[in-house]
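Please treat every number below as a calculation from the coordinates, not as lab data. Because the structure is predicted, anything quoted here is derived from the model rather than measured. Cβ: placed from backbone, ideal geometry, glycine included. Neighbour counts: every protein chain shown.
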Amino acid sequence: MENARIADANDSNCLERLATEAEQELIQKRGGLTLSKENPNYGDAKSYFKLAFSDSSIEVFVGTIDDVIVGFGVIKLGNLEDGTAHASIKALYVEEAARSIGVGEAMMDEMLICATSYKAEAVDAVALPGDRATKNFFETYGLVARAIIVQKALTE
């Protein structure tokens, strides 16, 4: 049965493995290499999760099937420049073999509960161009595009 729960330091090995898989998948997508370089959740996963577990503004979730960890989600709670409470989903990843059965949904539900408890007025996430599955997933939760970032590579 699929489920989600708050992660803890005991989940670190699984989280590090999944973050490495997520990064490898991410950099293959259009815009993924830049996103990988911009976001600390891709790269040094060990340091990232150690920091996340000690930062009260970050919550890490794991998605499970029969208590086996097959995905992770990270949400950062904070404020916009004007002080408005806001939440950003920094990562949401499910192993390919475990997709489309409700693991991502279970984690998303928990992250939205977390954001609502924080009294965030909105939550956002990134979907890369051409990643229709991710865009569609977020749209089922009412997340819609609010900006389009364009980029031109200046080096080959």
Exercise. What are the residues in region 79-99 that are in a strand (DSSP E or B) and either farther than 18 Å from residue 109 by Cα or without any contact (Cβ under 8 Å) to a residue 60 or more places away in the chain (or both), if any?
Worked result: 79, 85, 86, 87, 88, 89, 90, 92, 94
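So if I check each of 141, 48, which one is over 22 Å from residue 15 (Cα atoms), touching a helix residue (DSSP H, G or I) at 6+ places or on another chain (Cβ under 8 Å) and surrounded by 12 or more Cβ atoms within 10 Å (Cβ to Cβ)?
Criteria check complete, one pass: 141.
Specify which of the listed residues (87, 115) is over 26 Å from residue 25 (Cα atoms) and touching a strand residue (DSSP E or B) at 6+ places or on another chain (Cβ under 6 Å).
Values: 87 fails: over 26 Å from residue 25 (Cα atoms).
Unique residue meeting the criteria: 115.
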Exercise. Looking at this structure, is residue 87 touching a helix residue (DSSP H, G or I) at 6+ places or on another chain (Cβ under 8 Å), over 23 Å from residue 143 (Cβ atoms), surrounded by 14 or more Cβ atoms within 10 Å (Cβ to Cβ) and of a type outside the set (Val, Ile, Thr)?
Worked result: no
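Within region 104-142, how many residues are touching an Asp or Glu at 6+ places or on another chain (Cβ under 7 Å) and aliphatic (A, V, I, L, M)?
1
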Exercise. Only one residue in 131, 109 is charged (D, E, K, R), touching a residue at least 60 places away in the same chain (Cβ under 8 Å) and either in contact with a Lys or Arg (Cβ under 6 Å, 6 or more places away or on another chain) or closer than 24 Å to residue 38 by Cα (or both), so which one is that?
Worked result: 131
